[in-house]
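The values are calculated or read from the model by the stated rules, or taken from the named source; none is laboratory data. Quantities reported herein were computed from a predicted structural model and do not represent experimental measurements. So basically every Cβ, Gly included, is an ideal-geometry build from the backbone, and we count neighbours across all protein chains shown. To get the accessible areas, we keep the full protein, side chains included, count just its heavy atoms, and leave off ligands, DNA and RNA. Shrake-Rupley method; radii C 1.70, N 1.55, O 1.52, S 1.80 Å.
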Amino acid sequence: RRSSDLWVQMFKGTVSMPVFQSLEAFWPGLQSLIGDMDNAMKTFHNYYTVWKQYGGLPEFYSITQGFTVDKREGYPLRPELIESAMYLYRATGDPTLLELGRDAVESIEKISKVECGYATIKDVRDHKLDNRMESFFLAETVKYLYLLFDPGNFIHNDGSSFDTVTTPYGECIIGAGGYIFNTEAHPVDPATLHCCKRHREEQWEVEDLMREFCSFSKGKRPLFRESILEQVEDAKETSHSSSKVKAKTSYRKNANRKNPLLSCPRSEE
């Protein structure tokens, strides 16, 4: 089927294994992010069909045989299909995606819940459990389920609301949406990364250097080179552990500046 993706030999392009694995279920969500909605929904429905067959996605599933692959029958409560459902629902509002979320909650509660948590399903065919619970179940699976059913969550912000943080060099806009999930589904605000990073501080230093250079070229001639060399020597005398010494700049009037409300610790070099 056109909406099924098979394993192929990378040099010849021939099919090597007519299977899919549960880790690939993020693909419909990625397709939705680039606007390929028709194929995204087709691919999602293929995965969802297997989910309904077993109450969860086996690690490997044979497309040609319509059955689990030997020794890959487990389901460790992976988040990828639910992640795709969240993205697709944000893009389409299709209630079928909420049905997947409901089925996932009911299935997990019925099959894998134990006294101290939620156990990995060792075999989706008979729902035998394993004596373990993966960290990504709490970090990702539960989080994506929550976000699927919480359309007003701040993670879904479309930019209509935001916060501002005042720094000595202007205002930074944060919390405006566009969050990026890392591999364990921890949301990262890219605006915060832009506002709070060492590169910006280095950029400001370069700007101050350029102002000093312009002042020098106009005839004011501050003792720029001598000042820098003197402070390099001072830094060498006080540094015992670092082999790299950075010159402190006397031209910056830090005493008149307030510390930014949002700051990041500097790493040791």
Please state which of the following conditions R78 fails to meet, knowing it meets all the rest: (1) under 21 Å from A139 (Cα atoms); (2) free of Cβ contacts under 8 Å to residues at least 60 places away in the same chain; (3) among the basic types (K, R). (2)
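Can we say L77 is part of a loop (DSSP other than H, G, I, E, B), within 20 Å of A185 (Cβ to Cβ) and in contact with a helix residue (DSSP H, G or I) (Cβ under 6 Å, 6 or more places away or on another chain)? Please lay out each step first, then the result.
Numbers: part of a loop (DSSP other than H, G, I, E, B): yes; within 20 Å of A185 (Cβ to Cβ): yes; in contact with a helix residue (DSSP H, G or I) (Cβ under 6 Å, 6 or more places away or on another chain): yes.
Yes; evaluated as a whole, the condition is true for this residue.
Just give me the residues in segment 68-111 being among the small types (G, A, S) and under 21 Å from R132 (Cβ atoms), in sequence order.
Keep residues of segment 68-111 that are among the small types (G, A, S), which gives 74, 84-85, 91, 93, 101, 104, 107.
Residues satisfying the conditions are G74, A104, S107.
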Residues of segment 29-72 being open to solvent by less than 20 Å² (accessible area, probe 1.4 Å), assigned to a helix (DSSP H, G or I) and under 20 Å from I108 (Cβ atoms), in sequence order, are G29, F44, Y47, Y48, V50, W51
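When you check G178 against the structure, is it among the small types (G, A, S) and over 19 Å from S32 (Cα atoms), yes or no?
Values: among the small types (G, A, S): yes; over 19 Å from S32 (Cα atoms): no.
Spelling it out, it is not the case that G178 is among the small types (G, A, S) and over 19 Å from S32 (Cα atoms).
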